[in-house]
Every structure is written in structure tokens, then in C-alpha cells.
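Remarks on the structure that follows.
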Amino acid sequence: MLPGLEAAELPADAIEVGRIADAWGIKGWFKVLPHSADPQALFSSRRWFLQPPEKAVKPAFTGTALLRIAEAKEHSDSIVARAHEVDDRNAAEALKGARVFVARSSFPTAGEDEYYWVDLLGLDVVNREGAAMGRVKDLLSTGPQTVLVLEYEAGDKKLERMIPFVSAYVDTVDLAAKKITVDWQADYT
């Protein structure tokens, strides 16, 4: 474990929200590349959990470490942050590549008709007639809109279908029932 980092247990509801890209400045700040275009989860929590990169040859730390965030702010296309446990550039550089997790329970409450991508993953999608369209495998940001990437089976093959996540095609999202109802047909391409 790096000096100053405290070993911790990853919360059961932890979600990976970004990665540490590099050190930023000389006073222990580091640059974070968020996984979301709206990185509010990084700002809402003062307790970040780090895990080393998956493919690190010689990681600077092992297991899960707790970072107590002193300050985080937007900077250009990323986030910069400072933690109580990281006090100089060398310590910040050692965190490069670390995966950043935040407890889902610390996310800000989504507004009406707003959803976190992580909450949509795995939901079943059906059309208005009740025909199964697939299960949400991923979401894709195309700039002006988000697209649901569904996985479905056709015979013995796994295929993908994409549906724009806009009100013209999405009728309801029922997180409790784990279901999205859409105005879409199986033969749409």
C-alpha cells in the first residue's frame, strides 16, 4: 500500500466512475477521467475507493484503498482532485491508472425522467405489444442523444440492436420492474 493510503473494503453498491489519468501540478493534485459526461457522482462523494489498473505489471498498491477527497473540480475535459492522503506530485503519479469507485448510495438523486446509465444496464426492453427487444448491454453517447445498445438472441446467435434513448421511442422506464417499454419493432434497422 502506498504511504498514506488506507486499506478499505469496496462497498457492495460501488460503481466505477472514472480513472486517475495522471498527476496535476506539484501539490498532490491528480487528473481524473470520468466515465460519464456528467460527473456529479465524483463531486457528490468525499470518499473514493481506488483499485489498481487491471493490467498493471507492478501496481503501486493492491486491493482497495480509501481516498478522502479534500477538493474536486472540473478542469477542461476532465476532473482534478486533491485528497488528504496525497500530498505531493510523486504520490499523485503513483496513482496513475487507478480505477475510481463511488458508493451508488452517495450519487445525487436523479431528476424526474433522468436516469444514471448504471441503473439502465441489464434492464429488459419490450415494445408496446410486449415483444422482447433485448436486454440493455451498454449505452452509447452520440453527442445529441444517447442510444441503448441491446443484446438479444436470434436462434443460436447473440445480436445487437440499437434504440435511441429519446422520448419519441422510449415510453416508460420502470427501474423497480427492471423494464423499459419502447415504441420499436423487431424488424427496424
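The values are calculated or read from the model by the stated rules, or taken from the named source; none is laboratory data. These figures come from a predicted structure and were not determined experimentally. Counting neighbours? That spans all protein chains shown, and the Cβs are built from the backbone with ideal geometry, glycine included.
Quick one: in region 78-109, which of the residues that are among the charged types (D, E, K, R) and part of a loop (DSSP other than H, G, I, E, B) is nearest to the chain's Cα centre (by Cα)?
To start, the set of residues in region 78-109 that are among the charged types (D, E, K, R) comprises 82, 85, 87-89, 93, 96, 99, 104.
Then drop every residue that is not part of a loop (DSSP other than H, G, I, E, B), which leaves 85, 87-88, 96.
Working: 85: 24, 87: 27, 88: 27, 96: 18 Å.
By that ranking, first place goes to 96.
Answer yes or no: is there a residue in region 45-58 that is assigned to a strand (DSSP E or B) and among the β-branched types (Val, Ile, Thr).
Within region 45-58, the first condition is being assigned to a strand (DSSP E or B), and the residues that meet it are 47-51.
Those still in the list that are among the β-branched types (Val, Ile, Thr) too: none.
Within region 45-58 (the criterion being assigned to a strand (DSSP E or B) and among the β-branched types (Val, Ile, Thr)), the answer is no, since none of the residues qualifies.
Conditions (1) touching a strand residue (DSSP E or B) at 6+ places or on another chain (Cβ under 8 Å); (2) at pLDDT below 95; (3) outside the structural domain of residue 38 (by TED's automatic domain parsing); (4) part of a loop (DSSP other than H, G, I, E, B), marked per residue:
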| site | (1), (2), (3), (4) |
| --- | --- |
| 112 | no, yes, yes, yes |
| 126 | yes, no, yes, no |
| 129 | no, no, yes, yes |
| 135 | yes, no, yes, no |
| 159 | yes, yes, yes, no |
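Based on what the data block shows, is residue 16 in contact with a His (Cβ under 7 Å, 6 or more places away or on another chain), modelled with pLDDT under 95 and either outside any strand (DSSP E or B) or in the same structural domain as residue 90 (by TED's automatic domain parsing) (or both)?
Working: in contact with a His (Cβ under 7 Å, 6 or more places away or on another chain): yes; modelled with pLDDT under 95: yes; either outside any strand (DSSP E or B) or in the same structural domain as residue 90 (by TED's automatic domain parsing) (or both): yes.
For residue 16, the condition - in contact with a His (Cβ under 7 Å, 6 or more places away or on another chain), modelled with pLDDT under 95 and either outside any strand (DSSP E or B) or in the same structural domain as residue 90 (by TED's automatic domain parsing) (or both) - is met.
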Top-ranked residue of region 60-76 - restricted to ones that are in a loop (DSSP other than H, G, I, E, B) and either hydrophobic (A, V, I, L, M, F, W, C) or in contact (Cβ under 8 Å) with a residue 24 or more places away in the chain (or both), ranked as nearest to residue 27 (Cα to Cα) | 60
Taking region 151-174 and keeping only residues that are among the β-branched types (Val, Ile, Thr) and either touching a Gly at 6+ places or on another chain (Cβ under 9 Å) or touching a residue at least 12 places away in the same chain (Cβ under 8 Å) (or both), one is left with 163, 166, 170, 173
Collect the residues in region 105-122 that are under 17 Å from residue 167 (Cβ atoms) and of a type outside the set (Phe, Trp, Tyr), keeping them in residue-number order.
-> 110, 111, 112, 113, 114, 120
Where residue 112 falls short, out of the listed (1) out of contact with any helix residue (DSSP H, G or I) (no Cβ under 8 Å at 6 or more places or on another chain); (2) surrounded by 12 or more Cβ atoms within 10 Å (Cβ to Cβ) | (2)
Of the conditions (1) of a type outside the set (Val, Ile, Thr); (2) under 23 Å from residue 111 (Cα atoms); (3) crowded, with 17+ Cβ neighbours inside 10 Å, residue 134 clears all except one; give me its number.
-> (2)
